[in-house]
Amino acid sequence: MLEPREIPKLRKQLGVTQAELAGLAGVSQALIAKIESGRIDPSFSKAKALSETLLGLQRKSTKKTKEIMVTDIISVESDQLVRDATELMQNHAISQLPVFERGKLAGSISDKALVRMLSEKKNPQQIYKKTISSVMEQGFPIIPQETPIEALYSLLTFFQAVIVSEREKIVGILTKADLLRANGLRP
């Protein structure tokens, strides 16, 4: 629940007038004005109604993953060669790929993993001839397309990408670069 001092800040962020909030929350506009000016402390039930209304409006106004995801998923199959994955990554200027096996997400492969293998003094030609299944890493997390983008910040701190699904069907992918673009930053 919001503290009374947080109510005016969130109301203004959402672009809602006192009168609009009063109508939605079932309280008077005069009560909201008094709360916001600090002249009164609202009762628990009034504070709860205002909080629930504002937080509900905030959830509705939040962008969802489906609005910023990429629907053209560039991927590889686990039985393909690492050479195929590196060519795809270079041709599309991407740094990771989801790996599928018979239509199901099986793992991932990234330029980071390939560089790690090279640092272990492996011959690049040997690496290129391996199957992706022998070098792939853990798969990316799968999230519903209705997930608010705020939930992605912590996920993408740990993972290079997330897979987006709708009713167990994979419908998109979202990377750190996509999240930066959605926030007006160029990766």
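The values are calculated or read from the model by the stated rules, or taken from the named source; none is laboratory data. Source: prediction; values computed, not measured. Positions of Cβ are generated from backbone atoms using ideal geometry, with glycine treated the same way; all protein chains shown enter the neighbour counts.
Restricting to region 151-175, and then to whatever is part of a strand (DSSP E or B) and either free of Cβ contacts under 8 Å to residues at least 12 places away in the same chain or of a type in the set (Gly, Ala, Ser) (or both), can you tell me which residue is nearest to LEU55 (Cα to Cα)? Walk me through how you get there before you give the answer.
Applying the first criterion (part of a strand (DSSP E or B)) to region 151-175 yields 161-166, 169-175.
From what is left, the residues that are either free of Cβ contacts under 8 Å to residues at least 12 places away in the same chain or of a type in the set (Gly, Ala, Ser) (or both) are 161, 165, 169, 172.
Working: ALA161: 28, SER165: 26, LYS169: 30, GLY172: 28 Å.
Across region 151-175, the extreme among qualifying residues is SER165.
Residue-wise test of (1) at pLDDT 90 or above; (2) farther than 27 Å from ARG102 by Cβ.
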site: GLN145; (1), (2): yes, no
site: PRO148; (1), (2): no, yes
site: ALA151; (1), (2): no, yes
site: GLU168; (1), (2): no, no
site: GLY172; (1), (2): yes, no
site: ALA177; (1), (2): no, yes
site: ASN183; (1), (2): no, yes
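Among the residues of region 29-85, which ones are among the β-branched types (Val, Ile, Thr) and part of a helix (DSSP H, G or I)?
As a first pass, look at region 29-85 and keep what is among the β-branched types (Val, Ile, Thr): 32, 35, 40, 53, 62, 65, 68, 70-71, 73-74, 76, 82.
Hits for region 29-85 are ILE32, ILE35, THR53, THR65, ILE68, VAL82.
Scanning region 117-150 for residues that are aliphatic (A, V, I, L, M), surrounded by 13 or more Cβ atoms within 10 Å (Cβ to Cβ) and assigned to a helix (DSSP H, G or I) returns MET117, ILE127, ILE132, ILE149.
Inside region 17-58, residues that are in contact (Cβ under 8 Å) with a residue 24 or more places away in the chain and either of a type outside the set (D, E, K, R) or surrounded by 15 or more Cβ atoms within 10 Å (Cβ to Cβ) (or both) make up a count of 17. Scanning for something in contact with a strand residue (DSSP E or B) (Cβ under 7 Å, 6 or more places away or on another chain) and at pLDDT 85 or above, does region 112-125 turn up at least one residue? Yes, that holds for at least one residue.
Filter region 86-102 down to the residues that are free of Cβ contacts under 8 Å to residues at least 60 places away in the same chain, among the aliphatic types (A, V, I, L, M) and not in a strand (DSSP E or B), then identify the one that is farthest from LEU174 (Cα to Cα). Let's see the steps before the verdict.
The first filter runs over region 86-102 and keeps only residues free of Cβ contacts under 8 Å to residues at least 60 places away in the same chain, leaving 86-93, 97, 99-102.
When the remaining residues are screened for being among the aliphatic types (A, V, I, L, M), the result is 88-89, 93, 97, 99.
The next check asks that each one be not in a strand (DSSP E or B); those that pass are 88-89, 93.
Numbers: LEU88: 17, MET89: 15, ALA93: 15 Å.
Restricting to residues being free of Cβ contacts under 8 Å to residues at least 60 places away in the same chain, among the aliphatic types (A, V, I, L, M) and not in a strand (DSSP E or B), the top hit is LEU88.
When you check ARG59 against the structure, is it over 19 Å from PHE159 (Cβ atoms) and within 23 Å of the chain's Cα centre (by Cα), yes or no?
Numbers: over 19 Å from PHE159 (Cβ atoms): yes; within 23 Å of the chain's Cα centre (by Cα): yes.
So ARG59 passes the test.
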